[in-house]
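Read-outs throughout are calculated quantities, based only on the coordinates presented, and are distinct from any laboratory measurement. Just so it is clear, the model here is predicted, and its values are computed rather than measured. Here Cβ is always computed from backbone atoms with ideal geometry, including for glycine, and neighbour counts include all displayed protein chains.
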Amino acid sequence: MKKFLSLALALAMALSLTACGGNGGTPGGSGNNGGGADGGFKFERKIEIVCPWGAGGGADTTVRQFATQLEKELGQSVVVNNVSGAGGVSGVQYAVQQPADGYTWLLCTPSPMLAQITGATDFDVYGQIKPVCNLVWDCNIFVTGKDAPYNNYKELMEYVEANPGSVQCGVMSLTGLDGACVVAAFGDKIEAVGYSEGSQLNSDVIGNHVGLACVGPAEVLSMIQSGDMKAIMTCTEERMTIDEYKDVECAGELNVDCFYGPYRGIYCKTDMPQEAIDAFAAAAEKAVASQEFQDWAKTQGLDQRTGWMDPATYQAQWEADHTELTELFG
């Protein structure tokens, strides 16, 4: 299967929220603060960021950390509204139903767009939202419970061969990148099953109710540290450098072509005023560049791929991803 995000902006699909990093590297931190103090758009009340996935997942934890830093830059309260369902499409639909007044934004990944491309939804995700800025580019990993009878990819596949149909893999989106990772890594040998809440998926893995999960490394780090979970494989070209995963085999060394990983960024309705976009992006750049956000990203393993992208770079990446994903999965 063709690499999803090839390093042409890291696997062409550039489904690299943070990776696609046109602007490259850590954001610099120039632009308006506190809501357009230089005469641009001024934020004067509470701001909402819609998260199309439930609490406990990588998207949710990323946007909440970002919101905390964004509040400091805008001088206004920033609330996260989880609107889950349909692999992220429900949250996108909710967001575009809100006024384009600068006070409702959307945290998203390429997964809802992929759902549209594969025919899982007839909602025009690509045509209804516009990229604003990219925050982080995550990768996926496969984990299992501590009592699972396999400890690495080879042992897992041997177990599956001996016990056909015995292992399922939990994902947050059957039509998203995590679902694509399962297909790429295991073909029809392991079935992906969808979850709406990351906390429930984690609980089921620990309780051995589902034999495997495809998740972001940050989402399960504490459970890896506690020993309740063990990592089977990282969906990366090289081994991760974070302590808890540096000894875990990666897809690259195993020749398993499943390098899919979500980039998580901010989007808005296509008719959002440009001055609001400019003001938000300027504040967002400072929020992502803050020491607090960067330190958090490092502890969560989100420093493995480049992060920040400004509006122009992100728009170009979004368009390129749409073309690439349509060729691969349309």
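Results, tabulated for the structure shown:
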| item | result |
| --- | --- |
| Kirkwood Rh, angstrom, the stretch 228-287 [1 / mean 1/r, Cα pairs] | 14.8 Å |
| Computed E for Asp295/Glu71 - FRET, C-beta separation, R0 25 angstrom, nearest 0.05 | 0.90 |
| Residue with peak Gaussian network fluctuation, the chain [Cα springs, cutoff 10 Å], from Ala281, Ala251, Ala312 | Ala312 |
| Under 14 Å, Cβ to Cβ, from Ile266 - net charge with Lys/Arg +1 and Asp/Glu -1 | 0 |
| Most mobile of Ile242, Ile232, Ile141 in a GNM of the chain (Cα contacts under 10 Å) | Ile242 |
| Efficiency of FRET from Cβ geometry, Asp101 and His209, R₀ 41 Å, rounded to 0.05 | 0.40 |
| Angle between the chain longest axis and helix 58-74 axis [Cα atoms, degrees, rounded to 10] | 20 degrees |
| Three-way shape call for the stretch 196-236 based on the alpha-carbon gyration tensor, with the a/c threshold at 1.5 | rounded |
| Top of Leu70, Leu254, Leu114 by mean-square fluctuation, Gaussian network on the chain, Cα under 10 Å | Leu254 |
| Amide H within-cut-off set for Cys133, under 5 Å, with H built and near neighbours excluded | Ile266 |
| Net charge contributed by nearby residues that have their C-beta within less than 12 Å of Lys146 (K/R +1, D/E -1) | -1 |
| Angle in degrees between helix 153-162 and the longest Cα principal axis of the chain, rounded to the nearest 10 | 50 degrees |
| Sites matching chymotrypsin sites (Phe, Trp or Tyr not before Pro) across the stretch 227-330 that sit in DSSP coil, with at most 16 neighbouring C-beta atoms within 10 Å | none |
| 13 Å beta-carbon shell around Tyr103, net charge (K/R +1, D/E -1) | +1 |
| Positive-pole candidate from Gly179, Cys258, Ala281, dipole of the chain, charges at beta carbon | Ala281 |
| For the stretch 141-254, the fraction of alpha-carbon pairs in successive 5 Å shells from zero, as % | 2, 13, 25, 27, 22, 10, 1 |
| Percentage relative contact order, the stretch 45-132, counting C-alpha pairs under 8 Å, at least six apart | 33 percent |
| Net lengthening on full extension, Lys46/Thr241 (0.36 nm per residue, minus Cα-Cα) | 66.4 nm |
| Cα Rg over Rh - the chain, Kirkwood | 0.97 |
| Alpha-carbon radius of gyration plus Dmax, which is the widest Cα pair, for the stretch 198-266 in Å | 12.5, 35 |
